[in-house]
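Visitor: What follows is a single structure, and I will ask about it in a moment.
The values are calculated or read from the model by the stated rules, or taken from the named source; none is laboratory data. Only a predicted model underlies this, so the values are computations on that prediction, with no experimental measurement involved. Here the Cβ is made from the backbone with ideal geometry for all residues, glycine too, and neighbour counts use every protein chain on show. Protein only, heavy atoms only, side chains kept; ligands, DNA and RNA dropped before computing areas. Shrake-Rupley method; radii C 1.70, N 1.55, O 1.52, S 1.80 Å.
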Amino acid sequence: MLKIYHAKNTRSVRIVWLCEELGIPYDLKTLNFSPDDLQSKAYLAVHPLGKVPSIDDDGLILNESGAIAQYLLAKHGKGRLEPKPGTVDHGKYLYWFHFAEATFMVPLGNIAQHSFIRPEDKRIPQVAAEAVESAKKMLGVLEQELAGKDFICGKDFTAADIMLGYSLLLCKMFGLLTGEYPNTGAYFARLAARPAFQKATA
């Protein structure tokens, strides 16, 4: 059975959520978000950087939430949760799928590091402040894109919503998802109401 290495409120939420949406059976290996678990000898053998998520699928170990999601969609999706490959809609889907991690998570990661995760004497307030401004710009882009849409690619829920939904979960936790972004707030509420999201974030 597919093993998912998971820690609460981390990118591994995306993988649990995807498996719940697709009905993929999995064995959840829950870790504490601490060096004791993530930097343990046993876990470093799975992920040499000590990060989550990782999966072990019958001996295939993969890291990186986007890569894992694309692998699971190719293996189990049967065309679900993504537009037909090679179409314009698929191109737009890929953009938002990768925007969520490659672009949006950069400032969110800096906010987390310099506001919560690092010891206080290792935090740089200016980095956190600049990251907040960058994240707000990205929320502004999403706010325009989501006007008149239920989901990021239109009326249909896709895996791009899963990737973005985790980024917006962090925005919510960091107090960034304010009334200034009504379309984005309503979008996140739709995502958060999904049973698969609720299972992944429990």
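Visitor: Calculate, axis by axis, the spread of Cα positions in the chain along the three principal axes, and write the results as whole Å, longest axis first.
Guide: Computed over the Cα atoms, the extents are 48, 48, 28 Å.
Visitor: Sticking with this one: With only alpha-carbon atoms in the gyration tensor, what are the semi-axes of the equivalent ellipsoid for the stretch 133-193, in Å, largest first?
Guide: Details: eigenvalues 57, 31, 21 Å².
Equivalent ellipsoid semi-axes, largest first: 17, 13, 10 Å.
Visitor: Just to confirm my numbers, what's the Cα centroid distance between the stretch 127-202 and the stretch 30-65 in Å?
Guide: Between the Cα centre of the stretch 127-202 and that of the stretch 30-65, the gap is 27 Å.
Visitor: Going toward the positive end of the dipole of the chain, with +1 on Lys and Arg Cβ and -1 on Asp and Glu Cβ, which of TYR166, ALA196, HIS98 do you reach last?
Guide: Positive-most Cα among the choices belongs to ALA196.
Visitor: Would you mind calculating the gained length between HIS90 and LEU49 on full extension (0.36 nm times residue separation, minus the Cα-Cα distance), in nm to one decimal? Intermediate results must be reported in sequence, preceding the final value.
Guide: Working: separation 41, 0.36 × 41 = 14.76 nm, distance 3.17 nm.
Once the chain is fully extended between HIS90 and LEU49, it gains 11.6 nm.
Visitor: At 7 Å along Cα-to-Cβ for each site, give me the label-to-label distance between ALA186 and GLU130 in nm.
Guide: Inter-label distance under the simple model: 3.6 nm.
Visitor: At 222 nm, what value in deg cm²/dmol follows for the chain if DSSP H runs of at least 4 each add -39500 (n - 2.57) and the sum is divided by all its residues, to the nearest 500? Display every interim value, and only then the final one.
Guide: Values: 10 runs with 99 residues, N = 202.
Here the helix-only value at 222 nm equals -14500 deg cm²/dmol.
Visitor: Oh, and also: So what is the accessible area of the stretch 79-162 per residue, in Å², with the probe set to 1.4 Å?
Guide: Value returned for the stretch 79-162: 55 Å² of accessible area per residue.
Visitor: Using the crude model of +1 on Lys and Arg Cβ and -1 on Asp and Glu Cβ, and no other charge, please compute the dipole size for the chain relative to its Cα centre, in debye to 20.
Guide: Value, rounded to 20: 160 debye.
Visitor: Got a number for carbon plus sulfur as a percent of the chain's accessible area, 1.4 Å probe? Working shown, then result.
Guide: On the way: 5600 of 10190 Å².
The C+S portion of the solvent-accessible surface of the chain is 55 percent.
Visitor: For the stretch 100-192, what does the relative contact order come out to in percent, with C-alpha contacts under 8 Å and a separation of six or more?
Guide: Result for the stretch 100-192 is 30 percent.
Visitor: Protein chains only, probe 1.4 Å: how do GLU143, GLU180, GLU21 rank by accessible area, largest first? Can you show the working numbers first?
Guide: On the way: GLU143 25, GLU180 125, GLU21 50 Å².
Accessible-area ranking of GLU143, GLU180, GLU21, largest first: GLU180, GLU21, GLU143.
Visitor: Further, regarding this structure: Take the Cα atoms of the stretch 97-177, build their convex hull, and give its volume per residue in Å³. Walk me through the intermediate numbers first.
Guide: Details: hull volume 6.3 nm³, N = 81.
Taking the convex hull of the Cα positions in the stretch 97-177, it is 78 Å³ per residue.
Visitor: What percent antiparallel are the DSSP beta bridges of the chain, to the nearest 5? Intermediate values should be presented prior to the final figure.
Guide: On the way: 8 of 13 bridges.
Percent antiparallel among DSSP bridges in the chain is about 60.
Visitor: In debye to the nearest 20, how big a dipole does the stretch 110-202 give about its Cα centre with +1 on each Lys and Arg Cβ and -1 on each Asp and Glu Cβ?
Guide: Values: 11 positive and 10 negative charges, 53 e Å.
The dipole magnitude comes to about 260 debye.
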